[in-house]
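The values are calculated or read from the model by the stated rules, or taken from the named source; none is laboratory data. Just so we're clear, the structure is a prediction, and the values are computed from it rather than from any experiment. Glycine also receives a Cβ, built like all others from the backbone with ideal geometry; neighbour counts cover every protein chain displayed.
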Amino acid sequence: MAKRGMAYGVAAYAIWGLFPLYWPLLKPAGAGEILAHRIMWSLVAVAAVLAARRSRGWIRRLGARQALLLALAAIVISVNWGTYIYAVNTGRTIECALGYFINPLISVVLGVAVFRERLRPWQWGAVGMGAAAVAVLTVDYGRPPWIALVLALAFGTYGLLKKFAGMPSAESLAVETAVLFVPALAFVLVLDGRGEAAFGHHGMGHAALLVGAGVVTAVPLMLFNAAAIRLPLSVIGMLQYLTPVLQFLIGYFVQHEEMPPSRWAGFLLVWLALMMLTREGLRPGRREAVSGAALKG
């Protein structure tokens, strides 16, 4: 059971990590159009999964508070998805990887701010190291690494809202994409009316890839769910780093993005901060882990 769970977990995080290879295939569609199609076809895909499970009872149990929290989560994840797609398709995949590397640090900060958690010295050291990394990278880029910061903050906030909502991932995604479906459809129709839409105007293959955005969103989610019920949280917490590692490797070796020495210095500080955070999380007697239950990029 553990071996199967590990296979599911690795597959889920690997697919999330390989997303930078998929979104450029959807050009010449812009980030907004790709986001809209991802939302619409994700709803179709997850609805099919839930129908196959014959899972309907959760709809009757959905309360007003949960619905509101998931509506807010939908807005936040759309910011995350849209930023990620825009960044990858404009040659900033490494900065996306940075966002997911610093996400655990953002989660720690949110824990202090929202739940009044008390940090131990190593955790404070990791947060301080992460702040120093952002400062170094701000100097390197000549601006704050806003793409990384938006991705990390949006994803951290999304996870927080999902925690409060307390609903399984597939059902949650169904609600979130349902909330966004009408605006996404309206956006696509307006684009098409203006003659600016790519969908349906660049061959069946391109249209199929846009439809596939829903499938590639739903599949890793299902794999993650299968892994989460078979593996300890500590293992899930370690597996999550596979995603930004793959993103970084794609940005550096496939897309040939620049990594001057000052940028390497910033990333090394982030990795050192994560090592400190991981060391603290794996202390004997503790069972802390960062949950990756939300969708990546």
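Within the range 18-36, is there a residue that is touching a helix residue (DSSP H, G or I) at 6+ places or on another chain (Cβ under 8 Å), more than 22 Å from Glu95 (Cβ to Cβ) and among the aliphatic types (A, V, I, L, M)? Checked the range 18-36: at least one residue is touching a helix residue (DSSP H, G or I) at 6+ places or on another chain (Cβ under 8 Å), more than 22 Å from Glu95 (Cβ to Cβ) and among the aliphatic types (A, V, I, L, M).
Residues of the range 1-17 that are more than 12 Å from the chain's Cα centre (by Cα) and closer than 24 Å to Leu35 by Cβ: Ala14 alone. The residue list Ala87, Ala64 contains one member that is under 24 Å from Pro24 (Cα atoms) and among the small types (Gly, Ala, Ser), which is Ala87. Considering (1) touching a Pro at 6+ places or on another chain (Cβ under 9 Å); (2) hydrophobic (A, V, I, L, M, F, W, C); (3) farther than 25 Å from Ile94 by Cβ, the lone condition that Phe181 does not fulfil carries the number (1).
From the set of residues in the range 110-128 that are more than 20 Å from Phe155 (Cβ to Cβ) and of a type in the set (A, V, I, L, M, F, W, C), which is modelled with the highest pLDDT? This residue is Trp124. Of the listed requirements (1) at pLDDT below 95; (2) surrounded by fewer than 15 Cβ atoms within 10 Å (Cβ to Cβ), Pro260 misses just one: (1).
For a quick check of your reading of the model, give me the residue pairs whose first member lies in the range 179-192 and is surrounded by 15 or more Cβ atoms within 10 Å (Cβ to Cβ), whose second is among the aromatic types (Phe, Trp, Tyr), with beta-carbon atoms closer than 8 Å and at least 6 apart or on different chains. The qualifying pairs are Val188/Phe199; Asp192/Phe199.
Identify, from the list Ser107, Ser78, the residue that is out of contact with any Asp or Glu (no Cβ under 6 Å at 6 or more places or on another chain) and either crowded, with 22+ Cβ neighbours inside 10 Å or modelled with pLDDT of 95 or more (or both). So the residue among Ser107, Ser78 that is out of contact with any Asp or Glu (no Cβ under 6 Å at 6 or more places or on another chain) and either crowded, with 22+ Cβ neighbours inside 10 Å or modelled with pLDDT of 95 or more (or both) is Ser78.
A quick yes/no check of all residues on (1) surrounded by 14 or more Cβ atoms within 10 Å (Cβ to Cβ); (2) outside any loop (DSSP other than H, G, I, E, B); (3) modelled with pLDDT under 85:
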residue	(1), (2), (3)
Leu221	yes, yes, no
Phe224	yes, yes, no
Ala227	yes, yes, no
Ile236	yes, yes, yes
Leu249	yes, yes, no
Met276	yes, yes, no
Glu280	yes, yes, yes
Val290	yes, no, yes
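For the residues Ala197, Ala170, the requirement of being at pLDDT below 95, in contact with a helix residue (DSSP H, G or I) (Cβ under 9 Å, 6 or more places away or on another chain) and farther than 16 Å from Leu72 by Cα singles out Ala170. In the range 87-108, is there at least one residue being at positive phi, of a type outside the set (Ser, Thr, Tyr) and without any contact (Cβ under 8 Å) to a residue 40 or more places away in the chain? No, every residue in the range 87-108 fails to be at positive phi, of a type outside the set (Ser, Thr, Tyr) and without any contact (Cβ under 8 Å) to a residue 40 or more places away in the chain.
Evaluation of Gly99 against the conditions (1) surrounded by 15 or more Cβ atoms within 10 Å (Cβ to Cβ); (2) out of contact with any helix residue (DSSP H, G or I) (no Cβ under 8 Å at 6 or more places or on another chain) shows that the sole unmet condition is (2).
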